[in-house]
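Each remark here refers to the structure printed beneath this line.
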Amino acid sequence: MIKFFLMVNKQGQTRLSRYYEHVEIKKRTMLEAEVIKNCLSRSKDQCSFIEYKDFKLVYRQYAALFVVVGIDHTENEMAVYELIHNFVEVLDKYFSRVSELDVSFSTSENHL
């Protein structure tokens, strides 16, 4: 099961977050900071799957954006890895070359 979905820039700023389980705001901030630090500190040669606390992180980098998905141990990492790619392809089709600005703009529109 997917626990959360994050889009983060190279500076470690969260551009999009969606949680599928209740997590308090203070805990979200701490969780995102730790998750981002773990993913951004890895080299391109390292695996895109990370064991973290009681779940796994699956991430992919697209230009200046990282897409990070937190999943439980029963979920298939490769399927989630492919899901991330398909999600980015859909964004790319919709925005024709999706960028960090597009993600920031679309998420701010949804909150109006």
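The values are calculated or read from the model by the stated rules, or taken from the named source; none is laboratory data. Owing to the predicted nature of the structure, the values given are computational and were not obtained by experimental measurement. In this analysis, Cβ positions are derived from the backbone assuming ideal geometry, glycine residues included, and neighbour counts consider all displayed protein chains. Areas reflect the complete protein model, heavy atoms only, side chains present, ligands, DNA and RNA absent. Shrake-Rupley method; radii C 1.70, N 1.55, O 1.52, S 1.80 Å.
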- Tell me, what is the 1.4 Å probe accessible area of LEU40, in Å² to the nearest 10? 60 Å²
- Rounded to a whole %, the carbon-and-sulfur portion of the accessible area of the chain at a 1.4 Å probe is 54 percent
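Using a 1.4 angstrom probe with every protein chain in place, what is the largest-first accessible-area order of SER41, SER17?
So, going from the largest accessible area down, we get SER41, SER17.
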- Task: Tell me the GluC sites (Glu not before Pro) within the range 21-64 that lie in a loop according to DSSP and have at most 12 other beta-carbon atoms within 10 Å.
- Result: GLU21, GLU24
- Item | Links that overshoot a 19 Å alpha carbon limit, given the list LYS26/LYS56; LYS27/LYS53; LYS56/LYS93; LYS44/LYS93; LYS3/LYS56; LYS10/LYS93 | LYS26/LYS56; LYS56/LYS93; LYS44/LYS93; LYS10/LYS93
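Dipole of the chain, Cα-centred, from +1 at each Lys and Arg C-beta and -1 at each Asp and Glu C-beta, to the nearest 20 debye?
Roughly 320 debye for the chain.
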- Message: I'd like the accessible area for ILE71, computed on protein heavy atoms only with a 1.4 Å probe and all protein chains in place. Round to 10 Å², please.
- Response: 0 Å²
- Item | Accessible surface, per residue, of the chain when the full set of protein chains is kept, probe 1.4 Å, Å² | 65 Å²
- Shape parameters for the chain, alpha-carbon atoms, Rg then Dmax in Å: 13.5, 40
- Task: Quote the accessible area belonging to MET30 in square angstrom, nearest 10, computed with a 1.4 Å probe and with ligands, DNA and RNA left uncounted.
- Result: 120 Å²
